[in-house]
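Undergrad: Before we start, here is the structure in question, set down as structure tokens.
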Amino acid sequence: MRTIFLYFAVIIALAASGAVEAQLIVAHRGASHDAPENTLAAFRLAWQQGADAIEGDFYLTKDQRIVCIHDKTTKRVAPHHRELTVAKSTYDELRTLDVGSWKNERFAAERIPTLAEVLATVPDGKQIFVEIKCGAEIVPQLQRELATSELKPEQIVIICFDEEVVTQSRQLMPQYNANWLTSYKQATPLSHWKPTRDEVIATLKRTGATGLGTNGNLEVIDQPFVDAVLAAGFEFHVWTVNDATPARDFQSFGANSLTTDRPAFIREAIRATLSTE
């Protein structure tokens, strides 16, 4: 009994000091404000900056390797090389490209990493959000590669805009959480934002998702929106939050995580809010 009492006393003390925070801070493509996105340098820097999790983007190559890159082609992150389409290129072809010097010459040695290489950076007790940027053709290979990882199931979250990817991931790999991602559009400046809150919840139920990953549109997201998603039994995650004011808003709404290019900065913004409460 004394041990239990001391445990809760420590938790309460930490909460009062701001050391316990409800929101996970997820480094978007790594610490991509300071290092080239989706590189090992960015992911390692994210851990140094105190991120709770990293988020990376993944495609399937022509020779069935899973590599970490956001776009369908290499044009943006390898501007000094011949443009390659990821799905039509082999891993060896992609590996020749410098994907770091576009950010700064000191990153010229950075290459497109594999999923396995990115997973290997994740420390014990931390998480990775694996965003699938292609279609469901990647799911069988994803299942094989995640199974060989040393990470625990609770350290891995699969995220995707594609409903079929989320559905298949949950069916084939129920041990992992999977978030369906969405942003919002208006047909005209005066029309309602789509999808609606009810449509979002219906999609989460239909796909078997464990959570929602939403862009941080404060014209759409408010306390009732978050409350409805949580009440329906889903987690609520938001991206990409790079400024203090919206970070504090989403923190007050009770979001499970905030994805950001600036993990150290957003961490301090949340701590500052907690310390004044």
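Undergrad: Once you list every other residue whose beta carbon is under 12 Å from the beta carbon of residue 155, what net charge do they have if Lys and Arg are +1 and Asp and Glu are -1?
TA: -2
Undergrad: Here's something else I'd like to know. Where both partners of a DSSP beta bridge lie in the chain, what percent of those bridges are antiparallel, to the nearest 5?
TA: Roughly 15 percent of the beta bridges in the chain run antiparallel, per DSSP.
Undergrad: Moving to a separate point now. How large are Rg and Dmax for the stretch 12-165 when calculated on the C-alpha trace, in angstrom?
TA: Final numbers for Rg and Dmax: 16.1, 56 Å.
Undergrad: Hey, any idea what the orientation-averaged projected area of the convex hull of the stretch 45-102's Cα atoms comes to, in nm²?
TA: Answer in nm², one decimal: 4.4.
Undergrad: Working only with C-alpha atoms, what are the Rg and Dmax values of the stretch 154-277, expressed in angstrom?
TA: In order Rg, Dmax, the Cα atoms of the stretch 154-277 give 14.9, 45 Å.
Undergrad: On full extension of the chain, what length is gained from residue 62 through residue 105, given 0.36 nm per residue of separation minus the C-alpha to C-alpha distance?
TA: 12.6 nm
Undergrad: What is the sum of charges, Lys and Arg at +1 and Asp and Glu at -1, for the other residues whose Cβ falls under 9 Å from the Cβ of residue 38?
TA: That sum, taken over residues with Cβ under 9 Å, equals -1.
Undergrad: Next question. Filter the GluC sites (Glu not before Pro) in the stretch 173-243 down to the DSSP loop ones having no more than 10 other Cβ atoms within 10 Å, then list what survives.
TA: Here the sparse-neighbourhood loop sites are 219.
Undergrad: For the pair residue 227 and residue 137, what calculated FRET efficiency results from E = 1/(1 + (r/R0)^6), where r is the Cβ-Cβ distance and R0 = 41 Å, to the nearest 0.05?
TA: Computed FRET efficiency for residue 137 and residue 227 comes out at 0.65.
Undergrad: What aspartates and glutamates sit close enough to residue 72 to cross-link, taking a C-alpha to C-alpha distance under 14 Å and skipping anything fewer than 8 places away on the same chain?
TA: Candidates past the 8-residue exclusion: 57, 83, 131.
Undergrad: Could you calculate the FRET efficiency of residue 218 with residue 275 from 1/(1 + (r/R0)^6), where r is the beta carbon distance between them and R0 is 25 Å, rounded to 0.05?
TA: 0.60
Undergrad: Please compute one quarter of the surface area of the Cα convex hull for the stretch 71-230 and express it in square nanometres.
TA: Result: 12.1 nm².
Undergrad: 7 Å from Cα along Cα→Cβ at both residue 90 and residue 190: what's the point-to-point distance in nm?
TA: Reported label-point gap for residue 90 and residue 190 is 5.9 nm.
Undergrad: Please tell me which of these pairs span more than 19 angstrom C-alpha to C-alpha: 75/133; 133/205; 88/133; 62/152?
TA: 133/205; 62/152
Undergrad: What's the magnitude of the charge dipole for the stretch 117-239 around its Cα centre, counting Lys and Arg as +1 and Asp and Glu as -1 at the beta-carbon? Answer in Debye, nearest 20.
TA: About 180 debye.
Undergrad: Using Cα-Cα distances under 8 Å and only pairs 6 or more residues apart, what relative contact order does the chain have, in percent?
TA: 19
Any read-out appearing in this document is the output of simple, stated calculations on the displayed coordinates, not a laboratory observation. Everything quoted here is computed from the prediction, not taken from an experiment. FYI the Cβ positions are ideal-geometry reconstructions off the backbone, even for glycines, and counts take in every protein chain you see.
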